[in-house]
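Notes for the one structure printed next.
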Amino acid sequence: MSGRLVIAVDGPAASGKGTMAKRLAAHFGLPHLDTGLLYRAVGWKAAESGRAPADVAADLTASDLENPALRTDEAGQAASRVAAVPQVRANLLNFQKKFSSQASGAVLDGRDIGTVICPDAPVKLFVTASVEARAERRYQELRARGADTIKPRVLAEMAERDRRDSERAAAPLLAAPDAYHLDTSDMDADAAFAAALAFIERKGFRSSGP
Ligand code: DC
């Protein structure tokens, strides 16, 4: 490997960034942090307890991230709302910075990893897909889980979350200037992973595993 490998993966909801981050972490033997889960936990816990989101963010613990309800679309919408509060972002910053500075290296995925959390990461990926392709994926996921929903609603909610995440003043979803852009609209997870891996290997990083 050439130096400590930190991989920053950013992109909108259902772009495939989470799957990509997980696979890259397994391939390179690195710890992985899904930072969306932090915002989901803050949104969920604030709604449940009635406390201010910034206060919840200040004393969030690892066990708060284990709630299966955090994976729902409702939790995603709540996350997107609290994520626009600058003090929430400030209170989650140290945890993320500490995670990314581990000696082993790390993979983090989110919306502002390459721009705010790890601006010096040697590898930055910006994973996108059209809103239609992402809504279709989310719709199929929901159907597979037995959820009762309709496609236009999934598409409208996806577009609303995109708008909120991209237009907010505090650390909006934005590609770092040196990020590698990967549009997965017409790609499956294997093809997207192969493209990301080829980019990382061109930078001189290789898996040290078998
Ligand atoms: O990646 P996700 O869908 O689990 O993220 C949920 C919400 O959290 C997303 O709509 C925006 C917010 N988020 C953020 O603002 N910054 C991050 N680094 C990760 C997520």
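The values are calculated or read from the model by the stated rules, or taken from the named source; none is laboratory data. All of these numbers come straight from a predicted model, not from anything done at the bench. Glycine also receives a Cβ, built like all others from the backbone with ideal geometry; neighbour counts cover every protein chain displayed. For the accessible areas, the whole protein counts, side chains as well, though only heavy atoms, and no ligand, DNA or RNA atoms are used. Shrake-Rupley method; radii C 1.70, N 1.55, O 1.52, S 1.80 Å.
Details
- When ALA78, ALA121, ALA129, ALA106 are checked against the criterion of being small (Gly, Ala, Ser) and either farther than 27 Å from LYS203 by Cβ or over 18 Å from the mean Cα position of the chain (by Cα) (or both), a single residue qualifies: ALA78.
- The listed residue being open to solvent by 60 Å² or more (accessible area, probe 1.4 Å), assigned to a helix (DSSP H, G or I) and either without any contact (Cβ under 8 Å) to a residue 40 or more places away in the chain or of a type outside the set (Gly, Ala, Ser) (or both), out of ALA46, ALA69, ALA54, ALA26: ALA26
- Looking at the range 100-206, the strands (runs of 3 or more DSSP E) lying wholly inside it that each contain 1 or more residues that are under 30 Å from PRO86 (Cα atoms), open to solvent by 60 Å² or more (accessible area, probe 1.4 Å) and touching a residue at least 12 places away in the same chain (Cβ under 8 Å) sit at 180-183.
- PRO53 meets all of the listed conditions (1) more than 19 Å from the chain's Cα centre (by Cα); (2) more than 13 Å from the ligand (Cβ to nearest atom) but one, namely (2).
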